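Have a look at the structure below before the remarks.
Any read-out appearing in this document is the output of simple, stated calculations on the displayed coordinates, not a laboratory observation. Because the structure is a prediction, the values reported are computed rather than measured. For neighbour counting, all protein chains shown are included, and Cβ atoms are generated from backbone atoms with ideal geometry for every residue, glycine included.
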Amino acid sequence: MSKNIIIAIDGYSSSGKSSMARALAKRIGYRYIDSGAMYRAVTLHAMRNGMTSADGTVDAEAVTRVLPDIKIDFMVTPEGQHTMLNGEDVEKEIRQMAVSNFVSEIAAIPQVRHALVAMQQSFGSSKGIVMDGRDIGTTVFPDAEMKVFVNASAETRAQRRFAELIEKGTPASYEEVLANVVHRDHIDETREESPLRKADDAVVLDNSTMTIDEQNAWLLDLYNRCSQ
Ligand code: CDP
């Protein structure tokens, strides 16, 4: 019998961690939580309420003030999990480049992180969960039984994200996506509050040259070993 565990999958933007986390959760019957979607939902709320400016700045105090009014949840639909912001399905909108352009600035605000980390920890209170993000193995679940840190070159990641956006009919250019990936990597790695870094006990996966099937098989094999 395998035991119920917490699986933390962290890594750089567009490294494919969400797809592999989702596939593993489905395969083993665990709940999947996309923590990045939660930062994206807060970003959308801030944008809609005039807390972001065209010059790229964010009014951190205003965002902090409205945090208690923001409720984030996930709804299971036939096409997959959708992110809900105060009861509204915002799944498509939070994936737009306009949101990607501000999300790392919003995610660097300590009060935003404290509020979302608390929500994420409550999602994992009964284990049996796969969560992906930047700080899941370091801050949200430092005691997770399985930790993976995913990476691939910036160009590979930008190419994947560009293909994904085009497939979904979301307007973007490759150059814009690459610039955004590099920009977010930098902010995520250098912010003061829980920066992106590999947990000491995380297993590294560089999936630059792996197919989706290969990476899913690799992850399932690790799960089988960690859940013994
Ligand atoms: O899909 P992608 O990997 O590009 O990004 P995401 O997982 O949707 O996360 C969007 C942004 O939220 C990241 O670039 C980080 O700035 C932030 N984030 C974070 O700070 N901590 C997390 N646990 C998850 C996301």
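Details
- Stretchable slack from Asp73 to Glu214, in nm (0.36 nm times residue separation minus alpha-carbon distance): 47.7 nm
- In Hz, Karplus ³J(HN,Hα) per residue of the range 123-135 (6.51, -1.76, 1.60; θ = phi - 60°; x = Gly, Pro): 4, x, 4, 10, 6, x, 9, 10, 10, 10, x, 10, 10
- Oblate is the label for the range 152-215, because the ratio a/c of its alpha-carbon gyration tensor axes (a ≥ b ≥ c) is 1.5 or higher and a/b is not greater than b/c.
- Between 0 and 90°, nearest 10: helix 17-28 axis offset from the chain longest Cα axis: 40
- Which of Val204, Val182, Val140, positive extreme of dipole for the range 131-212 (C-beta unit charges): Val182
- Computed E for Met97/Asp201 - FRET, C-beta separation, R0 45 angstrom, nearest 0.05: 0.80
- Calculated diffusion of the range 100-228, Stokes-Einstein form, Kirkwood radius summed over Cα pairs, 4 °C and 1.567 mPa s, µm²/s: 79
- Sites Ala179 and Ala62, calculated FRET efficiency, Cβ-Cβ separation with R0 25 Å, nearest 0.05: 0.40
- Whole-Hz couplings from phi, Karplus 6.51/-1.76/1.60, listed for the range 5-13; x for Gly and Pro: 10, 10, 10, 10, 10, 10, x, 6, 4
- Percent of Cα pairs exceeding the 21 Å cut-off, where the set is the range 1-107: 41
- Contact order normalised by residue count of the chain, Cα under 8 Å, 6+ apart, percent: 34
- For the chain, share of DSSP beta bridges that run antiparallel, in % to the nearest 5: 35
- Ordering 140-147, 129-136, 79-86 by mean Cβ neighbour count within 10 Å, with the highest value first, yields 129-136, 140-147, 79-86.
- Normalising the Debye intensity of the chain to I(0), with uniform scatterers on Cα atoms only, and taking log10 at q = 0.07, 0.08 Å⁻¹ returns -0.20, -0.27.
- Simple spin-label estimate for Asp143 and Ser126 gives 1.9 nm between the two label positions (7 Å along the Cα-to-Cβ direction from each Cα).
- Once backbone amide H atoms are built at 1.01 Å from N, Val150 has Asp10, Gly11, Tyr12, Leu205 as its partners under 5 Å, excluding neighbours fewer than 5 places away on the same chain.
- Estimated vicinal HN-Hα couplings, Hz - the range 199-216 in sequence order (Karplus 6.51, -1.76, 1.60; Gly, Pro = x): 5, 4, 9, 8, 8, 8, 10, 9, 9, 3, 10, 9, 7, 4, 4, 5, 6, 5
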